[in-house]
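See below for the structure under consideration.
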Amino acid sequence: MEARKIYNRIAVLRQERGMSRKDLADKIGVNFQTVGYLEREEYNPSLDLAFRIADVFNLPVDFVFSTKPLRPMSEEMMERGN
Amino acid sequence: MSLFNSSIRLKTGIVLNLLSLAFLVLSWSTNSYTKTKLGLIITCLFALLVLLYTYYYSFWQTGLWKFTHKIVPKLDEREYAVNNRALRFAYSVFTIVVLALLMYYALTKTLPHMVPVAGLIYFAHILPAVYLGWKR
């Protein structure tokens, strides 16, 4: 079965928090190269890993990951504010 | 461009490694490439040098050998999935090669020499790295 592409905001959230790939990798227990693969959306994480990533950013998992292309965060924030 | 070059170089190294292994095993087993014993030893030594050099360049320096020989608890879930794909490929290819060799030895009623057996052991170990290097 062909897996669907999972889109994510890991790169933006990580940079916003001033974290390096190594920092994030250490927190979620993977190799730093895996963080690169996740950010480039070349690897779909398991449900467990997705929850671990969402926990690090303290955000709901559906805010970090989506099966549809994600809009820029600023756009989404503006909409929620209005 | 450099990525392209390194990918081409890696693939060339892999092909040369496999060819030198095949040449080494075949020339030792059949003894048909050379007429003299000294010639056989020289050609085998040359093939062995190419094998060692391309092994170092393609599998050791790139970390592919180490990666495919890591124990499971040291792998994260992506590495585990990648390793599984490589091992799956290696298992299929190795099984076909061994079965074909067994068939050959059974049909010719001969016994394998030490060199083909050692070659097979080496082949089994590099196959997952060959897959990963080729797909890189």
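The values are calculated or read from the model by the stated rules, or taken from the named source; none is laboratory data. Values in this document were obtained by computation on a predicted structure and should not be read as measured data. Reconstructed Cβ throughout: ideal geometry from the backbone, glycine too, with neighbour counts over all protein chains shown. Note: accessible area is taken over every heavy atom of the protein model, side chains too, but ligands, DNA and RNA are not part of it. Shrake-Rupley method; radii C 1.70, N 1.55, O 1.52, S 1.80 Å.
A few comments on the model shown:
- Filter result (closer than 10 Å to A:Asn8 by Cβ and open to solvent by 40 Å² or more (accessible area, probe 1.4 Å)) within the stretch A:62-72: A:Leu70
- Contact annotation: residue pairs with Cβ atoms under 7 Å, 6 or more positions apart or on different chains, pairing a residue in the stretch B:55-74 that is part of a helix (DSSP H, G or I) with a partner that is open to solvent by 80 Å² or more (accessible area, probe 1.4 Å), are B:Val72/B:Tyr80.
- Cβ separations smaller than 8 Å between residues 6+ apart or across chains give the following pairs from the stretch B:76-97 residues that are more than 12 Å from chain A (Cβ to nearest Cβ) and open to solvent by 30 Å² or more (accessible area, probe 1.4 Å) to residues that are part of a helix (DSSP H, G or I) and of a type in the set (A, V, I, L, M): B:Phe89/B:Leu127; B:Val93/B:Leu127; B:Phe94/B:Ala124; B:Phe94/B:Leu127; B:Val97/B:Leu120.
- Subset tally (residues that are assigned to a helix (DSSP H, G or I) and of a type outside the set (Val, Ile, Thr)) for the stretch A:4-48: 20
- From the options B:Leu132, B:Leu127, B:Leu102, B:Leu120, residue that is more than 18 Å from the chain's Cα centre (by Cα) and either of a type outside the set (Val, Ile, Thr) or open to solvent by less than 50 Å² (accessible area, probe 1.4 Å) (or both): B:Leu102
- When residues of the stretch A:51-61 are limited to those that are open to solvent by less than 80 Å² (accessible area, probe 1.4 Å) and more than 14 Å from every other protein chain (Cβ to nearest Cβ), the one nearest to A:Ile6 (Cα to Cα): A:Val61
- Single residue of B:Ala100, B:Ala47 found to be free of Cβ contacts under 8 Å to residues at least 24 places away in the same chain and either of a type outside the set (Phe, Trp, Tyr) or not in a helix (DSSP H, G or I) (or both): B:Ala100
- A count restricted to the stretch A:11-50 and to residues that are of a type in the set (Phe, Trp, Tyr) and more than 14 Å from chain B (Cβ to nearest Cβ) stands at 0.
- B:Thr108 vs. criteria at negative phi and open to solvent by 50 Å² or more (accessible area, probe 1.4 Å): yes
- Enumeration of residues in the stretch B:109-134 that are assigned to a helix (DSSP H, G or I) and modelled with pLDDT under 90: B:Met114, B:Val115, B:Pro116
- Single residue of the stretch B:1-60 satisfying the filter (surrounded by 16 or more Cβ atoms within 10 Å (Cβ to Cβ) and of a type in the set (Gly, Ala, Ser)) that is modelled with the lowest pLDDT: B:Ser27
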